[in-house]
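Heads up, the thing below is written out as structure tokens.
Nothing in this text is a laboratory measurement; each read-out follows from the coordinates by a stated rule. Every value quoted in this text rests on a predicted model; they were computed, and no experiment measured them. Quick reminder, even Gly has a Cβ in these numbers, built from the backbone with ideal geometry, and neighbours come from all protein chains shown.
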Ligand SMILES: [Zn+2]
């Protein structure tokens with residue numbers, strides 16, 4: 001098994017928290033016409049439904065799923081490998097006999113069961129060493145679906161009860177790692193490198209976490225912040241620089257929530273709340289909606305949109321402290 005193939009430097013790694021996966025894929029394919037890619041789904045049903053829909057809309061999709069007749073599978077693979085611009089939708093044990101080096105993206109439509117599976121499948125991208133993207137669409141519902149799949153595995157007598165139990169425990173541990181990959185606020189490449197016992201990178205500069213921070217700085221630099229969000233005058237002090245250590249931890253948690261909301265709504269994070277607002281939130285530590293309204297940059301509209309979620313993070317952190 002090519003363990004760390006997804007860690008190759010030319011692969012941009014990304015996790016997108018979204019429940020609107022179909023819309024995400026459609027928009028992605030429109031932005032990347034004439035590129036070859038693979039979309040991995042958790043089940044045959046999901047893959048076939050997606051393939052039917054996209055093909056009905058004129059996208060050049062093919063499917064390759066477990067249990068399909070061998071001849072059809074071979075034909076689909078042949079069409080996929082013979083030229084650029086085709087999209088393969090796969091489920092189950094996908095394998096390619098012939099190498100295809102120009103795969104520009106691998107999208108995981110569902111949570112993979114383990115980092116090993118993820119890296120093997122993502123590793124199909126960018127074999128030509130040119131830039132390629134590995135995007136994992138993550139929604140919490142996928143966790144339950146994967147657990148159900150694991151639960152439904154049957155011991156066909158090949159293993160003793162004890163062996164079987166320990167195998168299932170290992171499956172669960174690998175799934176936990178995969179969930180951690182999707183939910184941790186850390187360099188994605190670094191996470192995989194640690195998992196496979198390699199020396200992790202501090203900031204790989206080619207994953208959604210490392211680039212997300214850069215993008216946000218870019219937005220700030222390009223003057224995309226509104227009047228109220230920019231410092232009026234004087235030298236620029238990053239809002240977080242003015243926080244105490246404990247406030248800073250909370251600040252990071254609030255930024256995580258902001259990023260989740262921003263990615264769900266497909267807007268830059270500053271549209272949700274500015275750093276300045278989050279910093280003020282940490283200082284004032286509001287407990288109620290009325291108190292939240294006192295925070296700089298929180299108006300009625302934003303209170304209604306995001307108030308509850310931010311209060312939850314603020315309170316959760318409060319409860320966790322002794
Ligand atoms: Zn990174």
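Helix 44-56 and the longest principal axis of the C-alpha atoms of the chain enclose an angle of approximately 80°. Computed from Cα atoms, the angle from the helix 21-31 axis to the main principal axis of the chain rounds to 80 degrees. For region 78-121, backbone nitrogen atoms closer than 12 Å to the point 7 Å from residue 165 Cα along Cα-to-C-beta are found at no residue. Mean residue ellipticity at 222 nm, helices only, the chain: -15500 deg cm²/dmol; runs of at least 4 DSSP H residues each add -39,500 (n - 2.57), and the sum is divided by the number of residues.
Against the chain, whose longest principal axis is taken from its Cα atoms, helix 245-265 shows a tilt of about 50°. For region 17-160, the relative contact order is 27 percent, taking Cα pairs closer than 8 Å that sit 6 or more residues apart in sequence and dividing their mean separation by the residue count. The length gained on full extension between residue 285 and residue 66, counted as 0.36 nm times the residue separation minus their Cα-Cα distance, comes to 73.6 nm. Scattering from region 140-191 was approximated by placing one identical point on each alpha carbon and applying the Debye formula without solvent; log10 I(q)/I(0) at 0.26 1/Å stands at -1.00. Each listed q (0.15, 0.16 Å⁻¹) maps to a log10 I(q)/I(0) for region 259-322 from the Debye sum over equal C-alpha point scatterers, namely -0.44, -0.50. With only the Cα atoms considered, region 2-101 has a convex hull volume of 125 Å³ per residue. Note on the chain: GNM, Cα springs under 10 Å; of 205, 299, 37, the largest mean-square fluctuation is that of 299. The rule of thumb for compact globular proteins, 2.2 N^0.38 Å, goes into the C-alpha radius of gyration of the chain 1.13 times. In the elastic network of the chain, a GNM with C-alpha springs shorter than 10 Å, the most mobile of 124, 306, 159 is 159. Hey, with R₀ at 25 Å, roughly what FRET efficiency would residue 315 and residue 144 work out to, going by the Cβ-Cβ distance, to 0.05? Taking R0 as 25 Å, the efficiency between residue 315 and residue 144 is 0.45. Translational diffusion of region 50-97 was estimated from the Stokes-Einstein equation, with Rh taken as the Kirkwood radius over Cα pairs; at 37 °C and 0.692 mPa s the coefficient is 298 µm²/s. Using the average count of surrounding beta-carbon atoms within 10 Å as a protection proxy, the listed peptides 63-75, 267-279, 169-181 rank, highest first, as 267-279, 169-181, 63-75. What percentage of all Cα-Cα pairs in region 51-130 are separated by more than 21 Å? Considering region 51-130, 28 percent of its Cα-Cα pairs are separated by more than 21 Å.
Taken as Cα centroids, region 171-213 and region 29-94 sit 27 Å apart, rounded to the nearest whole angstrom.
Show log10 I(q)/I(0) for region 11-195 at q = 0.08, 0.09 Å⁻¹, two decimals, from a solvent-free Debye sum over equal Cα scatterers. Per q value, in the given order, log10 I(q)/I(0) is -0.26, -0.33.
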